[in-house]
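Student: Pasting in a structure now, in structure tokens, and then I'll have a few things to ask.
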Amino acid sequence: MINSGEIKKQIIQAVETVKRTKPMAGSITNTVTINFVANAQLAVGGSAAMVYLPDEGEFLAKAGGATYINVGTLLPIYEQTLPHTAKVLHETGKPWVLDPVAVGIGSLRTKLLEQFREYKPTVIRGNASEILALAGLWGLDGGTKKSNVRGVDSTDSVSSAKDAAIALARYTGGAVAVSGETDLITDGSVIVLSYGGSHFMEKITGAGCSLGGVIAVYATAASPFIAALTGTAVYNLAATRAEKKADGPGSFQVQFLDELYKASAEDIANNPFEIIEI
């Protein structure tokens, strides 16, 4: 099993590579949070491009280093854009991150997320209820057929989604990040719990969405598991630091972006985590 020293070494390498190369990680994402996603990607050292048309999604899939797909606020055109982009990503072997926001709500959302099953996302990031529901939709162990998603919020604990996360990671051959008070990241063979964060994270829009975008940035430079863990670690670190300087959600959001920008590779690697055997 991978040890903490090797994990830290790979996180440092991923962060330094991103800061040096400024990789493109395009996004087709939630209109509520598009600005925050782009700013977070830029803050960690990546380059952002936000699109929603089918031909532009295909262009990004081929030209970018990785792509982030978020189904949060769907437009009719997404019925064409999202599966087409995911198909191109799968066929070209490019890494991509899926955020199954509000899975179980609406027929188009359900149809699109069912289609993504065959295109095997590199990383899946969601809250516990979304991970449980997606595993259920895909007919995998640990999932549930009933969605407990309340809007974009989870009503399930991170620990309850452990088996679903493992099943999803093993099916895709990638990694899954379950966001919550303590974050869980798995590649299907090992679990890491990442600590830190802030209570202000649930008081702003885009904390989870922008994490997906940042994981896509790191997916250009690391394995799916290390990309998911690195993104989660820098978020927990930056949120912990930002909370100490913030007076409320508004100032927290500003401080959080600053802390994402200022975090060193060593600081990110040393953010507290725990390895759990499966």
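Laboratory data are not the source of any read-out in this text; all were calculated from the coordinates shown. Just so we're clear, the structure is a prediction, and the values are computed from it rather than from any experiment. Glycine gets a Cβ as well: all are built from the backbone with ideal geometry, and neighbour counts include every protein chain shown.
Student: Taking the Cα atoms of segment 4-277, what is the range of coordinates along each of the three principal axes, in descending order and whole Å?
Tutor: Here the Cα extents, ordered largest to smallest, are 42, 37, 37 Å.
Student: Please find the FRET efficiency linking D247 to K62, where r is the Cβ-Cβ separation and R0 is fixed at 45 Å, and quote it to the nearest 0.05.
Tutor: Values: r = 45 Å, r/R0 = 0.99.
Approximately 0.50, to the nearest 0.05.
Student: Short version: ³J(HN,Hα) in whole Hz for each residue of segment 114-129, in order, from phi by Karplus 6.51 cos²θ - 1.76 cosθ + 1.60 (θ = phi - 60°), x for Gly and Pro, what are they?
Tutor: With coefficients 6.51, -1.76 and 1.60, one gets 5, 5, 5, 3, 6, 9, 6, x, 5, 9, 10, 10, x, 7, 4, 5 Hz.
Student: Identify which of T31, T67, T230 has the largest mean-square fluctuation in a Gaussian network model of the chain, with springs joining Cα atoms closer than 10 Å.
Tutor: Of T31, T67, T230, the Gaussian network model singles out T31 as fluctuating most.
Student: When DSSP assigns beta bridges and you keep just the ones with both residues in segment 95-195, what percent turn out antiparallel, to the nearest 5?
Tutor: Numbers: 8 of 15 bridges.
About 55 percent, rounded to the nearest 5.
Student: Using each residue's phi in segment 192-208, evaluate 6.51 cos²θ - 1.76 cosθ + 1.60 at θ = phi - 60° and report the 3J(HN,Hα) Karplus result to the nearest Hz, with x for Gly and Pro.
Tutor: Karplus-based 3J(HN,Hα) across segment 192-208 equals 10, 9, 10, 10, x, x, 7, 5, 6, 4, 8, 9, 10, 7, x, 4, x Hz.
Student: How big is the C-alpha Rg of segment 36-123 next to the rule-of-thumb value 2.2 N^0.38 Å, as a ratio?
Tutor: 1.04
Student: Label E202 and K22 with points 7 Å out from Cα along Cα→Cβ: what is the distance between them in nm?
Tutor: In this crude label model, E202 to K22 measures out at 3.8 nm.
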